[in-house]
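Working notes, structure below.
The values are calculated or read from the model by the stated rules, or taken from the named source; none is laboratory data. Note that this is a predicted model, so its numbers are computed, not measured. All Cβ positions, even for glycine, are placed from backbone atoms using ideal geometry, and neighbour counts span all protein chains on display.
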Amino acid sequence: MKIDRLISILSVLLQREKVTAPYLAERFEVSRRTIARDMDTLCAAGIPIVTEQGKGGGISIMPGYKTGGVILTSNEMRAILAGLRGLDSVSGTDRYKQLMEKLSLDSSACLTSGDNMLIDLSSWYKSSLAPKIELLQYAVTVGKKVRFFYHSSGGEGERTVEPYLLIYRWSSWYLWGFCERRQDYRMFKLARMTELQCMDAIFEKRAAPLPDFSFSKQPHQAVRVRAAFSVTERWRLLEEFGSECITMLDDGRLLLDFEFWDEQSALSCLLSFGTRVELLGPPRLREKMASMAEEFFNLYAREKKTEG
C-alpha cells in the first residue's frame, strides 16, 4: 500500500542523511518515477524534501526540520524498535517484527553491535501468558466481552468483563476492564486467570477512564516495616527496595525501613529471607512472625516424630 511505503520511506530518510532514488526504488520494488511521485506527496504533506542532482547527490529531509515539532533520531528509532522487540517476546506472534520491518531498513540491523538496548518482557509463565495476551488483544480490538475464573486472596469466582486495556506494570501483565459482577472498572492479573474465553457478544464501548496507578489510590492497608538483615543480603535489598531505604546499623546489619502494600505481602517477603532477617517492628507484625515460626516448628517437629 502507498501509505505503508510512504511511512517506510520517511523512516529511511529519518535514519539516513541522504539516499538515492535508485536505492529507494530497489528497496521498495517500485520504479524511479513512483519514487519521484512519492517525494511530491511527502512535500505536499509539509515535509521539506531536498533533492540534489549529480555526483554525491540524493534525497534528504531539510536539515533542522522537525515533523510536528519532533524528529526521531536514529537512537530514538532504535529505542522504539527495542520496545517492539519486547512486545514480540510475549505476544506469541511476529506481528511486531513485521512492523519493525516497515519502520526500519532491515529488521536484522536492530540487533547490531551498535545497539545498547534489548527489552524482553517475557516471564517464567510465557507459555501460558502468550495465548492470554493474544486473545485479550483480539477482544479489546473487536470489542468482545471475555469470561474467566479469577483467583485472589479474597476467593475465586467467574467474571465477565468488557476489556479495554492490556497493562504491563509492577513486573506483571494486567487487564483493565468493566466487571459486570462489580459494576465498576477493575484490574485483573493475567496470571490469576483460568478458563479464559472470548464471548460472541460485541459490547458498546464506554468512555472508560484510565486506571489510577498512584499508590494512595490503590485498595490496600499499608504497613511500615523496620527489619535488620544480614549484610550478605545487600544485593537483594538494593534490587528490590533501592538504596534510599537501607542504612547500616551499629552491629553491621542492614536496616530496611519500607512501607509494604499490606501485612501479607510484608510477611511473605520477609519469610523468603529465612534466618537472615530479624523483624524489628511493628510489634503486631513481629508477634505474627513469631506465631508463624512456632507453627513451622510444630509442623516439622511432628513430621520428624512420625518418621522416627
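Results, tabulated for the structure shown:
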| item | result |
| --- | --- |
| Where a residue in region 194-211 is within 18 Å of F149 (Cα to Cα) and its partner, wherever it lies, is exposed (fewer than 13 other Cβ atoms within 10 Å of the Cβ), with Cβ under 9 Å and at least six apart | T194/E156; E195/E158; L196/P131; C198/V142 |
| Single residue of S291, S230 found to be modelled with pLDDT of 90 or more, surrounded by 13 or more Cβ atoms within 10 Å (Cβ to Cβ), of a type in the set (S, T, Y) and more than 31 Å from the chain's Cα centre (by Cα) | S230 |
| Close pairs from region 4-29: first in contact (Cβ under 8 Å) with a residue 60 or more places away in the chain and among the β-branched types (V, I, T), partner loosely packed, with under 15 Cβ neighbours inside 10 Å and part of a helix (DSSP H, G or I), Cβ under 7 Å, at least 6 apart | I7/K102 |
| For A201: the one exception among (1) at pLDDT below 85; (2) exposed (fewer than 11 other Cβ atoms within 10 Å of the Cβ); (3) under 30 Å from E240 (Cα atoms) | (3) |
| Matching entry among R186, R169, R182, R159 (being among the charged types (D, E, K, R), modelled with pLDDT of 85 or more and exposed (fewer than 15 other Cβ atoms within 10 Å of the Cβ)) | R182 |
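Yes/no matrix, rows are residues, columns are (1) assigned by TED's automatic domain parsing to the domain that holds L165; (2) assigned to a helix (DSSP H, G or I); (3) touching a helix residue (DSSP H, G or I) at 6+ places or on another chain (Cβ under 8 Å):
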{"position": "R236", "(1), (2), (3)": "no, yes, no"}
{"position": "D250", "(1), (2), (3)": "no, no, no"}
{"position": "L267", "(1), (2), (3)": "no, yes, yes"}
{"position": "K288", "(1), (2), (3)": "no, yes, yes"}
